[in-house]
Each structure stands twice: as C-alpha cells, then as structure tokens.
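Inspection log for the structure reproduced underneath, given as structure tokens.
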Amino acid sequence: MAAWFWYAVVAAVLYGAHQIFTRLAADRIGEGLGGFVVEATAALSIVLYLGFLWLSGHWNQKSSGEGIFWSVLTGVCVGAGTIAFFLLFQKGGPLSAVPIILAVGAAIMAITGIAFFREPASWPRITGIILAIAGLILLRR
C-alpha cells in the first residue's frame, strides 16, 4: 500500500464531513459569513498545527515566493468554492449533488495531471473523467 493512502482516506472523510456540515449550516447563516467562519476556523486549526510542530521541535516548513503565490491562489479557490457551496445549498441544491460536483473537480485534476504534469493517461483515469462529465450532464436534468 502506498505511503500516502491513509492520508487520502482521512482527507476524504474530512472533506465529506465538510460538505455535510456546510449543508447543515447553509440555512442558518449567510454565505459570506458562513464562508468566513469556515475559513477562519480552518486557519486557526492550521495555526495550532504549526504551533505543535514548532513546540515539538519538528518544524520543517520551507517556503518560496512561488509556493506562496500558488498557496494564495489555492486559498482564493477554497474561499470562493466554500461560498459557492453555501449558495448551492441555500438555493435548494441537494447534498447528493456534491459527489458529482467533486467528481468533476477530480476530472479537472486528472486532465491537468495528464496534460501538464506528465501523469499516465490510464484507462481507469480516462473512464473516470468521462463518467464525471456524464454525471454532471445528468445532474442538470
């Protein structure tokens, strides 16, 4: 089993819970304020993690201007995506639509990996891309 596998499992569970909690919050808080609370809480969690690394003597956090640039763009996407999910749920979108939305995001990542990062274009990846796009088309109905 690959060394990263269990991190993937944890990330999947946490991001799944993220969408469930966003759905529960959406009718009880505005999208802007809700998004801010989500992202501020996420930032606080990361600050606590960094504090733990510092205090435990395990600090190994490199940085570069390019890394910061890409991290900022990531933050913009996460913030805007969080607001979009709040609006999706506030407008009556079902929680069951989220897997297709995330699958399309995964398809975008797979296409980018193949096209720009020279990752292999295997049949399972191509099939996943096609199924994600088909799922989005069917979601419209």
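The values are calculated or read from the model by the stated rules, or taken from the named source; none is laboratory data. Quick caveat: nothing in here was measured; it's all calculated off a predicted structure. Here Cβ is always computed from backbone atoms with ideal geometry, including for glycine, and neighbour counts include all displayed protein chains. Note: areas computed on protein heavy atoms with side chains; ligands, DNA, RNA excluded. Shrake-Rupley method; radii C 1.70, N 1.55, O 1.52, S 1.80 Å.
Farthest towards the positive end of the charge dipole of the chain, among the residues LEU53, TYR15, ALA110, is the Cα of ALA110, using unit charges on the Cβ of Lys, Arg, Asp and Glu.
Placing +1 at every Lys and Arg Cβ and -1 at every Asp and Glu Cβ, with all other atoms neutral, what dipole size does region 1-126 have around its Cα centre, in debye to the nearest 20?
Using Cβ point charges on Lys, Arg, Asp and Glu, region 1-126 gives about 160 debye.
Our note on the geometry: Cα centres of region 1-62 and region 97-141, 24 Å apart.
Starting from the Cα gyration tensor of the chain, take the square roots of the eigenvalues, sort them a ≥ b ≥ c, and report rounded, prolate or oblate (rounded when a/c is under 1.5, otherwise prolate if a/b is larger than b/c, else oblate). The shape class here is oblate. Dividing the summed -39500 (n - 2.57) terms of all DSSP H runs of n ≥ 4 by the residue count of the chain sets its mean residue ellipticity at 222 nm at -27000 deg cm²/dmol. The residues neighbouring ILE83, those whose beta-carbon lies less than 10 Å from its own, together hold a net charge of -2 under the Lys/Arg +1, Asp/Glu -1 convention.
A simple spin-label model places pseudo-atoms 7 Å from Cα toward Cβ; at ILE133 and ASP27 they are separated by 3.7 nm. Computed over protein heavy atoms with a 1.4 Å probe, the accessible surface of the chain works out to 76 Å² per residue. Spin-label model, PHE116 to PHE36: label points 7 Å out along the Cα-to-beta-carbon direction sit 3.1 nm apart. Taking the protein heavy atoms of the chain in the context of the full set of protein chains, the accessible area attributed to carbon and sulfur is 74 percent at 1.4 Å.
Mean-square fluctuations from a GNM of the chain, with a 10 angstrom spring cutoff on Cα atoms, peak among VAL37, VAL78, VAL13 at VAL13.
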